[in-house]
Every structure is written in structure tokens, then in C-alpha cells.
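Participant: Could you have a look at this structure, given as C-alpha cells, before my questions?
The values are calculated or read from the model by the stated rules, or taken from the named source; none is laboratory data. These figures come from a predicted structure and were not determined experimentally. Don't worry about glycine lacking a Cβ; one is built from the backbone with ideal geometry, like all the others, and counts go over all protein chains shown.
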Amino acid sequence: MPIIAPSILTANFLRLEDEINMLNSSKADWIHLDIMDGVYVPNITFGFPVIRQIKSLAKKPLDAHLMIINPDRYLKDFKDAGVDLLTVHLEACTHLDRTISEISNLGMKPGVAVNPHTSLDGLQYILPKLSMVLIMTVNPGFGGQKFIDYSYEKVRKLKQMIVDSGASTLIQVDGGVSKSNLKPLVDAGVDAFVVGNTIFASSDPVAMIEDLKEMKNLS
């Protein structure tokens, strides 16, 4: 079954406690945190005070995706705030191996995200050190965007790289995930899905999460 990580970027922040409790009671696996600084991407989301509040309520692991410059400055802060899986961008890290090692040393599971246009070649030598690779299937910065179709080919290529390296790295996708493309993405090799609007705009988010998790009623 796929790993489902609802993104609270599209949650109702006026009812954030209710939204977190809903996720706690659902079949969601992780809670996804989109952290944006307004520099690396053209949007600003939230920081450590909000993450700590979410952690105080969450019964699921926190999966944080850093869309920020110089992420090395804040790695320990994310650990202290309660993050379990920490993903940084390949494009934002000058010394990626060092960054990944530090995330692991702090006790978090390290991930690397790649933008739609970015080649996977920069991951070749570090795949065995990664818990996860996040393939962006939209351009980062805003929710509700349309899925980029060439992402399927990119997922298949990454899956072959992981097999060839003997690694156990998970593949995660983020952007435009819906009932219509979840199964083809699973077939291509995706393990984990960040899902925003499809869940939080649903009339029954808990049922939607179950459908995605169990791959039921997909069309």
C-alpha cells in the first residue's frame, strides 16, 4: 500500500487542531510540512512555533520538506521542533553529502528533493545514504498546481537507479496527486505521496485518505 502524507499547506489553519486530529484518526501515514522561505521559492509558509504546536498534537511522524536556502543553518532546530523525516533540495545544498550526514547524525531520516527540471545524476553517489528522494511533480511554491506528465519517466529512471545501487531508498512525489494518477505512479515505482487539495478539499477527508491508501475507487 502507498504511504500517504497529507500536506497541511492546504489545511484550514483557523481549525488546525481539528485538522491534525482528523489526520490522527485517519489512515494517513505521515503529516507533511511544506517549509518555504520566500527566497528559494516565491511563497512563505510557517516556521518552528507552528511546527512545535503541530508536534504537540500529532500522532503521526512529521515529514518536513525544506524549500529554503542554506538549510544547514536550521537542521538541529527542525530536530528540536519534532521533525522525523527531513528533506532538503538538491539545488539548495552546496555540500549535499555533508548535509545528509548531519541530518542522519541528528537522528532524523534524510531525504533529497529535486525540482521538475533537475537531472537525477546528482543523486547517483548518495542514494544509499538517503531514506527518500522526493520528485517534485509541480514547480515548488504553491499548492493546487497541475501534475507535470514527464514525471512518470523521471520516477521510472530513479527507480532503476535505486535498484542498480542496491539501496532501499523510498520514492516520494509531491504535486498534483489525485485519484486519477496515483495508481500509474505506484506502477512507475512511487512509494510515498504528498497529497494536499485532493484530501483537504474533499467533503470527507478521512474517506479520501482511506481510498488513496487502499487504492480504492480510483479513476
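Participant: Check off (1) crowded, with 19+ Cβ neighbours inside 10 Å; (2) over 30 Å from Met22 (Cα atoms); (3) among the hydrophobic types (A, V, I, L, M, F, W, C) for Phe78 and give me the number that stays unchecked.
Facilitator: Against the list (1) crowded, with 19+ Cβ neighbours inside 10 Å; (2) over 30 Å from Met22 (Cα atoms); (3) among the hydrophobic types (A, V, I, L, M, F, W, C), Phe78 comes up short only on (2).
Let's see how each residue does on (1) among the charged types (D, E, K, R); (2) assigned to a helix (DSSP H, G or I):
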{"position": "Val177", "(1), (2)": "no, no"}
{"position": "Lys183", "(1), (2)": "yes, yes"}
{"position": "Val190", "(1), (2)": "no, no"}
{"position": "Ile209", "(1), (2)": "no, yes"}
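Participant: How about region 133-173: which of its residues are of a type in the set (A, V, I, L, M), surrounded by 15 or more Cβ atoms within 10 Å (Cβ to Cβ) and more than 22 Å from Asp37 (Cα to Cα)?
Facilitator: The answer is Ile148, Val155, Leu158, Met161, Ile162, Ala167, Leu170, Ile171.
Participant: Right, here's the next one. In the list Pro42, Pro71, which residue meets the criterion of being out of contact with any Lys or Arg (no Cβ under 9 Å at 6 or more places or on another chain) and modelled with pLDDT of 95 or more?
Facilitator: It is Pro71.
Participant: A further question on this structure: Report, by residue number, each residue of region 192-207 that is outside any helix (DSSP H, G or I) and without any contact (Cβ under 8 Å) to a residue 60 or more places away in the chain.
Facilitator: Ser202, Ser203, Asp204
Participant: Let me ask something else. What number of residues within region 23-48 are part of a strand (DSSP E or B) and among the β-branched types (Val, Ile, Thr)?
Facilitator: So the count comes out to 3.
Residues are listed down the side, and each one gets a yes or a no for (1) at positive phi; (2) touching a residue at least 24 places away in the same chain (Cβ under 8 Å); (3) in contact with a His (Cβ under 8 Å, 6 or more places away or on another chain):
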site	(1), (2), (3)
Pro71	no, yes, yes
Ala81	no, yes, no
Thr87	no, yes, yes
Cys93	no, no, no
Asp97	no, yes, no
Met108	no, yes, no
Val114	no, yes, yes
Ser131	no, yes, no
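Participant: Then there's this: Cβ-Cβ below 7 Å, separation at least six or inter-chain, first residue in region 149-163 and aromatic (Phe, Trp, Tyr), second surrounded by 17 or more Cβ atoms within 10 Å (Cβ to Cβ): which pairs?
Facilitator: From region 149-163, the pairs are Tyr152/Ala188.
Participant: When region 1-28 is examined, which residues are found to be hydrophobic (A, V, I, L, M, F, W, C), closer than 26 Å to Val186 by Cβ and surrounded by fewer than 22 Cβ atoms within 10 Å (Cβ to Cβ)?
Facilitator: Hits for region 1-28 are Met1, Ile3, Ala11, Met22.
Participant: Okay, moving on. Would you be able to tell me the number of residues in region 175-203 that are at pLDDT 95 or above, within 16 Å of the chain's Cα centre (by Cα) and of a type outside the set (A, V, I, L, M, F, W, C)?
Facilitator: Total satisfying the criteria: 2.
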